[in-house]
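To keep things clear, I will list the structure first and then write my remarks on it.
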Number of protein chains: 2
Amino acid sequence: MTRTELSTLGEFGLIERINQQFTPVLPQTIKGIGDDAAVIDTGSDEYTLVSTDMLIEGVHFDLSYAPLKHLGFKAVAVNVSDIAAMNGTPRQITVSIGLSNRFSVEAIDELYAGIQTACEAYKVDLVGGDTSASRSGLVLSVTAIGTVKKDKIAYRNGAQPNDVICVTGDLGAAYLGLQLLEREKREFLENPNMQPQLEDKAYLIGRQLKPEARTNIIYELNDADLVPTSMIDVSDGLASEILHLCKQSGTGAQIFEEHIPVADETFLTADEFKLSPLTSALNGGEDYELLFTIKQTDYEKIKNSPHISFIGFMTNDPSAVEIVTKGGGRFPVQAQGWQHLTR
Amino acid sequence: MTRTELSTLGEFGLIERINQQFTPVLPQTIKGIGDDAAVIDTGSDEYTLVSTDMLIEGVHFDLSYAPLKHLGFKAVAVNVSDIAAMNGTPRQITVSIGLSNRFSVEAIDELYAGIQTACEAYKVDLVGGDTSASRSGLVLSVTAIGTVKKDKIAYRNGAQPNDVICVTGDLGAAYLGLQLLEREKREFLENPNMQPQLEDKAYLIGRQLKPEARTNIIYELNDADLVPTSMIDVSDGLASEILHLCKQSGTGAQIFEEHIPVADETFLTADEFKLSPLTSALNGGEDYELLFTIKQTDYEKIKNSPHISFIGFMTNDPSAVEIVTKGGGRFPVQAQGWQHLTR
């Protein structure tokens with residue numbers, strides 16, 4: 001029998017392969033695999049949204065520096081972020097955990113305290129889950145359920161040429177937070193008496209360990225009476241996400257480096273690590289900001305928002321998704337994406 | 001800081017502890033933790049049901065004898081079973097997997113072929129999921145979404161004294177299937193040239209490796225215009241499940257050994273292993289049959305069903321959940337349940 005290595009496919013290849021096998025057949029299934037959340041018609045005036053994520057110890061988090069309470073919060077926030085990326089409101093979550101005897105009851109209490117804090121912050125109910133033994137590390141699987149008025153839903157595939165590309169908050173900080181934590185860990189392993197030097201780095205580390213889902217933006221857009229033409233959350237980095245929007249919408253894009261929001265702390269720390277802040281923003285990932293497009297005629301409605309940056313335009317050439325650098329150079333945007341299986 | 005071992009709580013203790021922390025607050029959340037599925041009101045005339053299960057290699061399955069295709073089928077079936085246990089119809093599933101490089105693309109194709117077979121068998125759409133690397137074994141997390149007319153829903157807590165206790169199919173077979181597979185594995189490890197001797201055991205092994213969810217019963221009950229007063233699926237064994245129904249309904253129960261359905265193959269193989277068929281039925285688990293109660297006045301509607309056995313009655317003394325043996329003895333029903341964390 002032939003054996004094909006998973007690494008030849010990569011994550012996106014694997015998802016594509018699975019996706020091709022499964023075409024929804026029920027009239028209630030409006031959207032299956034391929035957006036931030038599945039979309040279900042339950043017969044009311046709102047769609048039900050479903051999104052799920054699995055976090056595995058040693059792959060998605062390292063308990064030597066991720067406090068369990070923050071991990072619990074993050075596991076909820078990243079799923080809530082997927083609901084927000086459909087222009088939806090999160091309502092319920094389920095949380096399944098696989099854990100070994102090395103965790104004490106007190107440790108599990110910490111994890112659930114973080115989950116509870118997130119439930120309160122995002123006004124969601126924890127309604128179910130599963131608890132199981134795990135032979136090795138901690139496994140967390142969260143499913144979020146949300147709702148959105150049928151005429152307010154934002155898919156990845158609705159962008160049109162000339163739409164304005166918008167992004168919330170700032171990008172690249174979570175990635176540099178991770179670099180800082182990894183560096184501290186290495187230094188601690190070399191010299192356990194070392195004191196951590198992270199006083200000035202609270203912002204970056206907070207962005208990595210305890211990201212917030214941008215549900216506030218959904219309220220802000222709703223108040224402005226604006227429905228994005230397309231939307232996605234920034235989990236794998238701006239490059240990967242803009243390519244998703246363009247591919248699914250059949251558009252190209254031009255993004256301007258000078259308009260990409262990067263925090264001062266990110267600039268300074270990128271310099272320390274001899275990393276490009278632009279690369280951190282494009283390929284760092286885990287920012288959990290929202291990337292969306294709007295009609296030019298809607299620009300007036302949100303142009304003064306302190307939470308939103310306008311970074312470029314959709315174009316009509318699907319073969320050209322480009323970044324225009326501060327120096328005026330033009331380069332194709334390339335996705336690094338998720339490479340766990342090929343590492 | 002105090003350290004309390006998880007083993008002091010056990011699974012049910014841990015779930016109880018989590019449950020106490022999380023009280024649903026949204027009006028849309030009709031039922032949170034504590035039944036086979038969460039119940040959500042989306043504003044239509046049907047409730048939306050959500051159930052989730054996590055399967056971890058080395059804990060819930062052993063790939064040395066569980067074919068990946070069957071595993072994929074089973075992962076879906078056990079979640080569909082939870083939807084059926086609310087008297088509901090499954091509609092969609094999400095499947096998240098954590099996997100390592102030791103799995104080939106062909107192996108993953110086998111797994112998804114089983115998932116697809118189950119999707120077709122139970123008429124559900126796969127609508128989402130997550131793929132991730134795992135540092136150790138295979139992890140599968142499935143969430144099922146279903147619907148039920150509001151006036152047809154069956155909770156665990158609706159049984160009344162004198163209700164008739166019903167169970168579908170037969171019990172104990174999946175447990176003996178597991179014993180057979182474990183024995184074959186031991187013998188194979190001792191003598192790799194050994195030929196498996198499982199010709200007569202197809203039924204028991206099939207019940208373990210590829211259980212079916214009893215969605216057919218939901219149609220049958222609906223056709224009979226019968227709504228169970230309470231219902232649960234038999235995942236941990238009859239003993240554990242009847243105790244759940246009694247505890248949540250505030251009733252006692254009398255179950256008659258002579259009426260508990262046990263297949264001939266189960267009797268014969270139990271004898272081979274010097275196990276009691278009754279113990280296998282009470283504490284074996286993984287049968288995924290439905291245990292439910294009906295009003296006595298509804299008995300006529302299903303008394304001739306070939307799929308349903310009538311095994312006892314609910315009583316009004318919550319302190320007495322008893323089994324009446326063929327010899328006429330009475331014993332309290334005791335749950336063994338899930339002990340992964342204490343092993």
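The values are calculated or read from the model by the stated rules, or taken from the named source; none is laboratory data. Everything numeric in this text was worked out from a predicted model, so none of it was measured. Neighbour counts are summed over all protein chains in view; Cβ atoms, including those assigned to glycine, are modelled from backbone coordinates with ideal geometry. The protein model used for the area step is the full one, side chains on, heavy atoms only, and it has no ligands, DNA or RNA in it. Shrake-Rupley method; radii C 1.70, N 1.55, O 1.52, S 1.80 Å.
Please check which bits of the range B:119-161 a label hung off residue B:63 would reach, taking the label as a point 7 Å along Cα-to-C-beta and the cut-off as backbone N under 15 Å.
Only B:132-141 pass the distance filter.
Sorted from largest down, give the three principal axis spans of the alpha carbons of the range A:126-248, whole angstrom values.
57, 38, 29
Under the rule of -39500 (n - 2.57) per DSSP H run of 4 or more residues, summed and divided by the residues of the protein assembly as shown, what mean residue ellipticity at 222 nm is obtained, to the nearest 500 deg cm²/dmol?
Here the helix-only value at 222 nm equals -10000 deg cm²/dmol.
Cross-link list B:274/B:301; B:123/B:303; B:152/B:326; A:210/B:210; A:31/B:149: which exceed 30 angstrom alpha carbon to alpha carbon?
Numbers: B:274/B:301 39 Å; B:123/B:303 28 Å; B:152/B:326 36 Å; A:210/B:210 41 Å; A:31/B:149 23 Å.
Check vs 30 Å cut-off fails for B:274/B:301; B:152/B:326; A:210/B:210.
What is the sum of charges, Lys and Arg at +1 and Asp and Glu at -1, for the other residues whose Cβ falls under 11 Å from the Cβ of residue A:94?
Here the count lands on -3.
Hey, what's the range A:221-343 come to in accessible area per residue, 1.4 Å probe, Å²?
Details: 5730 Å² over 123 residues.
Roughly 47 Å² per residue, with all protein chains present.
Among A:6, A:334, A:321, whose Cα projects farthest towards the positive end of the dipole of chain A, with charges put on the beta-carbon of Lys, Arg (+1) and Asp, Glu (-1)?
A:6
Ignoring ligands, DNA and RNA, what accessible area per residue does the range B:139-200 give at 1.4 Å, in Å²?
46 Å²
Cα extents of the protein assembly as shown along the three principal axes, largest first, in whole Å?
Computed over the protein assembly as shown, the largest-to-smallest principal extents equal 91, 56, 54 Å.
Could you please state how large a percent of the accessible area of the protein assembly as shown is carbon and sulfur, counting protein chains only and using a 1.4 Å probe?
49 percent
Chains A and B: what accessible area do they bury, summed, in square angstrom to the nearest 100, with a 1.4 Å probe?
On the way: alone 17240 and 17220 Å², together 27840 Å².
Buried surface at the A/B interface: approximately 6600 Å².
Work out the mean other chain Cβ neighbour count within 10 Å for the residues of A:98-109 and drop it here as an integer.
Details: counts 10, 3, 3, 7, 1, 4, 7, 11, 4, 4, 6, 4.
The per-residue average across the peptide is 5.
Post the alpha-carbon centroid distance, the range B:66-130 to the range B:16-31, in whole angstrom.
So the two Cα centres are separated by 28 Å.
Which distances in nm, rounded to one decimal and ordered from shortest, link the label point of residue A:198 to the equivalent label points in the other identical copies, with labels set 7 Å from Cα toward Cβ?
Copy-to-copy label distances for residue A:198: 4.9 nm.
Put a label point 7 Å from Cα along the Cβ direction on residue B:104, then list its distances to the equivalent points in the other copies in nm, shortest first.
Between copies, matching label points for residue B:104 lie 4.7 nm apart.
For residue B:323, which sequence-distant residues (separation of 5 or more, or a different chain) have an amide H within less than 5 Å of its own amide H, given hydrogens modelled in the peptide plane?
Residues meeting the criterion, in which the H sits 1.01 Å from N, are B:255, B:331, B:333.
Excluding same-chain residues fewer than 8 positions from residue A:185, which aspartates and glutamates have a Cα within less than 19 Å of its Cα?
Partners found: A:57, A:62, A:199, A:200, A:272.
Could you give me the percent of Cα pairs per 10 Å distance bin for chain B, shortest bin first, beginning at zero and ending with the bin that holds the maximum distance?
5, 24, 34, 26, 10, 2, 0
At a 1.4 Å probe, which residues in the range B:121-140 are at least 50 Å² less accessible with all protein chains present than in their chain isolated?
Buried by 50 Å² or more upon assembly, which counts only protein chains, are B:125, B:126, B:127, B:130, B:131, B:132, B:133, B:135.
To the nearest 10 square angstrom, what accessible area does residue B:259 show with a 1.4 Å probe?
90 Å²
Express in whole angstrom the spacing between the alpha-carbon centres of the range A:279-338 and the range B:172-232.
So the two Cα centres are separated by 53 Å.
Please give the peptides B:183-194, A:290-301, B:45-56, A:78-89 ranked by average Cβ packing (other Cβ atoms within 10 Å per residue), highest first, as a rough proxy for protection.
Details: B:183-194: 11.2, A:290-301: 19.3, B:45-56: 24.0, A:78-89: 28.2.
In decreasing order of mean packing, B:183-194, A:290-301, B:45-56, A:78-89 become A:78-89, B:45-56, A:290-301, B:183-194.
Placing the label point 7 Å from Cα along the Cα-to-Cβ direction, what are the distances from residue B:324 to the equivalent spots in the other copies, shortest first, in nm to one decimal?
Reported distances to equivalent positions: 8.6 nm.
Given just the C-alpha atoms of the range A:6-152, how large is their convex hull per residue in cubic angstrom?
Values: hull volume 19.5 nm³, N = 147.
For the range A:6-152, the hull spanned by Cα atoms encloses 132 Å³ per residue.
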